[in-house]
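Worksheet: one structure, shown below.
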Amino acid sequence: MDSKRVFLSEKEIPTAWYNLQADLPQPLPPPLHPGTKQPLAPADLEPIFAKELIRQEVSQEPWIEIPQAVRDVYAIWRPTPLTRARNLEKALKTPARIYFKDESHSPPGSHKPNTAVPQAYYNKIEGINRLTTETGAGQWGTSLAFACSFFDMHCKVYMVKVSYQQKPYRRSMMHIWGADVTASPSTETNAGRQILEADPEHPGTLGVAISEAVEAAVTRDDTKYTLGSVLNHVMLHQTVIGLEVEKQFEKFEDYPDVVIGCVGGGSNFAGLAFPFIRHKLKGKDIKFVACEPHSCPSMSRGQYRYDFGDTTMLTPLIKMYTLGHSFVPPGIHAGGLRYHGMAPMVSLCAALGLVEARGYHQIECFEAAKLFAATEGIIPAPETSHAIRGAICEAERCRETGEEKCIVFNLSGHGFCDMASYDRFLSNKLEDYAYPQDRIEAAIAELPVVEG
Ligand SMILES: Cc1ncc(COP(=O)(O)O)c(C=O)c1O
């Protein structure tokens, strides 16, 4: 089919999310209590999360129905288009077919509201009126603020300090949707005060901001915590992306050989990839590529071990690819990719050889973003530029081998609030940085020891 883009109708918004847990060849290692190191019971998570989200976290059912109230909010921007990047293909002189799923269409500008909306909804129907969270680049914070405004809930966001300074407009968006935003580390929590005492200039990390947001939730009865990535229920909600892509490829009469996404905590990658990993587990030959920065190489240089999800060791221990909870990545512009760990489900897929990790430097990613903007017109988020670089590398390989592969990547967000980073790139002020091996080893040496 010669179309440039395939749209679906509102009626084709998926009615159920796909749960890869049901089909994985081996079960996920359970989360452990941070003190006793024994497996956690789902009820142990109730002070932090809504009950339905905990049920989804451990569910082994392959399909979980999407409530109508959630589909109604999804309909504001979903289904999102799948576009064939013909101009990019021409510029690369590649025989490959390149497609991208455009998640930048959501009002906050990324894939994150796919899970923010159901998380706010389930909390609301369980009687919770206030949610806390952390945000890196500000995409997740804006998405939760957006979702809370639809369900008339209060939203409190701890925003990583470097992003708070670099991205004032994301802050403004959160304010427009009624959220309360604090730069992290802050003096509002014990976790923040402890970090600031040790280093008053601490730039903040997602791990630190998680510690603050969790503390702010467990110390109040009317409040629960939400997470924009990493957890199984977040991966689940994001599968609307790949489920729509499946239908759109049918209309294009095509099928992917290579599926690509950038990875911070793993959710946009999982959202596109998991519905296709189910096909791979049934025998389809598909390659899955997770793209991450060399400056925060959780999958390519981390270890598959139990670690804390946050910096101050408050969260349960989860088995994942990690650089160690004490890892402080440099303040690269793709703030949403600066997380020490990786979703346990994406990690298990990588450990089983279903997913490959690739590291890229930030300058080559901004160059890829510039070429994409010049050919396809969209200015991507710096996070997304890692996926674009990954897709370009695959397409260039096809140019060398003559293979006519079908490549799809997730355009996880637009970069309209990231123009300060683009300005630094255009004025040659960016530097590439690979995290030194001795510092990775030092952080990994601090990992908790878990038997078995
Ligand atoms: C546009 C965009 N893409 C990707 C990511 C990385 O997160 P995840 O790996 O959970 O998709 C972020 C995180 O903030 C983001 O804002």
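Select from the stretch 321-345 the residues that are within 11 Å of the ligand (Cβ to nearest atom) and in a helix (DSSP H, G or I) and write down the one among them that is modelled with the highest pLDDT.
Top of the filtered list is 337.
Taking the stretch 86-117 only, how many residues are of a type in the set (A, V, I, L, M, F, W, C) and more than 23 Å from the chain's Cα centre (by Cα)?
The number of residues fulfilling the criteria is 4.
Which residue is surrounded by the fewest Cβ atoms within 10 Å (Cβ to Cβ), if the candidates are limited to the stretch 329-374 and must be of a type in the set (A, V, I, L, M) and farther than 30 Å from residue 31 by Cβ?
The qualifying residue surrounded by the fewest Cβ atoms within 10 Å (Cβ to Cβ) is 374.
Out of 21, 119, 56, which single residue is assigned to a helix (DSSP H, G or I), within 16 Å of the ligand (Cβ to nearest atom) and over 16 Å from residue 244 (Cα atoms)?
Sole residue among the options that is assigned to a helix (DSSP H, G or I), within 16 Å of the ligand (Cβ to nearest atom) and over 16 Å from residue 244 (Cα atoms): 119.
Which residue out of 172, 104 is away from the ligand (no atom under 16 Å from the Cβ), hydroxyl-bearing (Ser, Thr, Tyr), assigned to a helix (DSSP H, G or I) and surrounded by fewer than 24 Cβ atoms within 10 Å (Cβ to Cβ)?
172
State all residues of the stretch 394-417 that are in contact with a Cys (Cβ under 9 Å, 6 or more places away or on another chain) and farther than 12 Å from residue 88 by Cβ; if no residue qualifies, say none.
404, 405, 410, 412
Assuming residue 305 fulfils every condition listed in (1) part of a loop (DSSP other than H, G, I, E, B); (2) out of contact with any Cys (no Cβ under 6 Å at 6 or more places or on another chain); (3) away from the ligand (no atom under 14 Å from the Cβ) apart from one, which condition is it?
So the condition that residue 305 fails would be (1).
Scan the stretch 391-418 for residues that are at pLDDT below 95 and not in a loop (DSSP other than H, G, I, E, B) and report the count.
Of the residues in that region, 0 qualify.
Collect the residues in the stretch 421-452 that are in contact with a helix residue (DSSP H, G or I) (Cβ under 6 Å, 6 or more places away or on another chain) and surrounded by fewer than 16 Cβ atoms within 10 Å (Cβ to Cβ), keeping them in residue-number order.
432
Go over the candidates 215, 197 one by one and state the one that is among the acidic types (Asp, Glu) and in contact (Cβ under 8 Å) with a residue 60 or more places away in the chain.
215
Filter the stretch 128-142 for residues that are more than 9 Å from the ligand (Cβ to nearest atom), among the hydrophobic types (A, V, I, L, M, F, W, C) and buried (at least 24 other Cβ atoms within 10 Å of the Cβ) and give the result.
Across the stretch 128-142, the qualifying residue is only 131.
Can you tell me which residues in the stretch 59-70 are surrounded by fewer than 19 Cβ atoms within 10 Å (Cβ to Cβ), assigned to a helix (DSSP H, G or I) and in contact (Cβ under 8 Å) with a residue 40 or more places away in the chain?
Listed by number, the list holds a single entry, 69.
Give 142, 133 a once-over and let me know the one that is of a type in the set (Val, Ile, Thr), outside any helix (DSSP H, G or I) and at pLDDT 95 or above.
None of the other options fit; the residue is 133.
Is it the case, given these coordinates, that residue 412 is among the polar types (S, T, N, Q) and more than 13 Å from residue 261 (Cα to Cα)?
So residue 412 does not fit the description; no.
Give me the pairs, please: first residue somewhere in the stretch 246-270 and more than 16 Å from the ligand (Cβ to nearest atom), second residue anywhere and in a helix (DSSP H, G or I) and not hydrophobic (A, V, I, L, M, F, W, C), beta-carbon distance under 8 Å, and either six or more positions apart or on two chains.
Pairs that qualify, where the first residue is more than 16 Å from the ligand (Cβ to nearest atom) and the partner is in a helix (DSSP H, G or I) and not hydrophobic (A, V, I, L, M, F, W, C), are 246/275; 247/12; 258/394.
Listed residues 53, 8, 82; which is surrounded by 15 or more Cβ atoms within 10 Å (Cβ to Cβ), closer than 30 Å to residue 449 by Cα and not hydroxyl-bearing (Ser, Thr, Tyr)?
53
Taking the stretch 65-101 only, how many residues are farther than 23 Å from residue 249 by Cα and either within 16 Å of the ligand (Cβ to nearest atom) or modelled with pLDDT under 95 (or both)?
Final tally of qualifying residues: 0.
For the stretch 195-204, how many residues meet the condition of being surrounded by fewer than 24 Cβ atoms within 10 Å (Cβ to Cβ) and assigned to a loop (DSSP other than H, G, I, E, B)?
Summing the residues that are surrounded by fewer than 24 Cβ atoms within 10 Å (Cβ to Cβ) and assigned to a loop (DSSP other than H, G, I, E, B) in the stretch 195-204 gives 5.
Hey, any hits in the stretch 391-412 for a residue that's touching a residue at least 24 places away in the same chain (Cβ under 8 Å), surrounded by fewer than 24 Cβ atoms within 10 Å (Cβ to Cβ), within 16 Å of the ligand (Cβ to nearest atom) and under 21 Å from the mean Cα position of the chain (by Cα)?
So far as the stretch 391-412 goes, no, none of its residues is touching a residue at least 24 places away in the same chain (Cβ under 8 Å), surrounded by fewer than 24 Cβ atoms within 10 Å (Cβ to Cβ), within 16 Å of the ligand (Cβ to nearest atom) and under 21 Å from the mean Cα position of the chain (by Cα).
Looking for whichever is of a type outside the set (Gly, Ala, Ser) and either over 24 Å from the mean Cα position of the chain (by Cα) or more than 24 Å from residue 128 (Cβ to Cβ) (or both) here; the options are 4, 51. Which one fits?
Going through 4, 51 in turn, the sole match is 4.
State yes or no: is residue 149 surrounded by fewer than 22 Cβ atoms within 10 Å (Cβ to Cβ), modelled with pLDDT of 95 or more, part of a helix (DSSP H, G or I) and polar (S, T, N, Q)?
yes
Among residues belonging to the stretch 205-255 that are buried (at least 24 other Cβ atoms within 10 Å of the Cβ) and part of a loop (DSSP other than H, G, I, E, B), point out the one that is modelled with the highest pLDDT.
In this case the residue turns out to be 239.
Out of all the residues in the stretch 346-361, which are more than 14 Å from the ligand (Cβ to nearest atom) and part of a helix (DSSP H, G or I)?
Passing the criteria: 348, 351.
The values are calculated or read from the model by the stated rules, or taken from the named source; none is laboratory data. Keep in mind that this is a model prediction, so the values were computed, not measured. Here the Cβ is made from the backbone with ideal geometry for all residues, glycine too, and neighbour counts use every protein chain on show.
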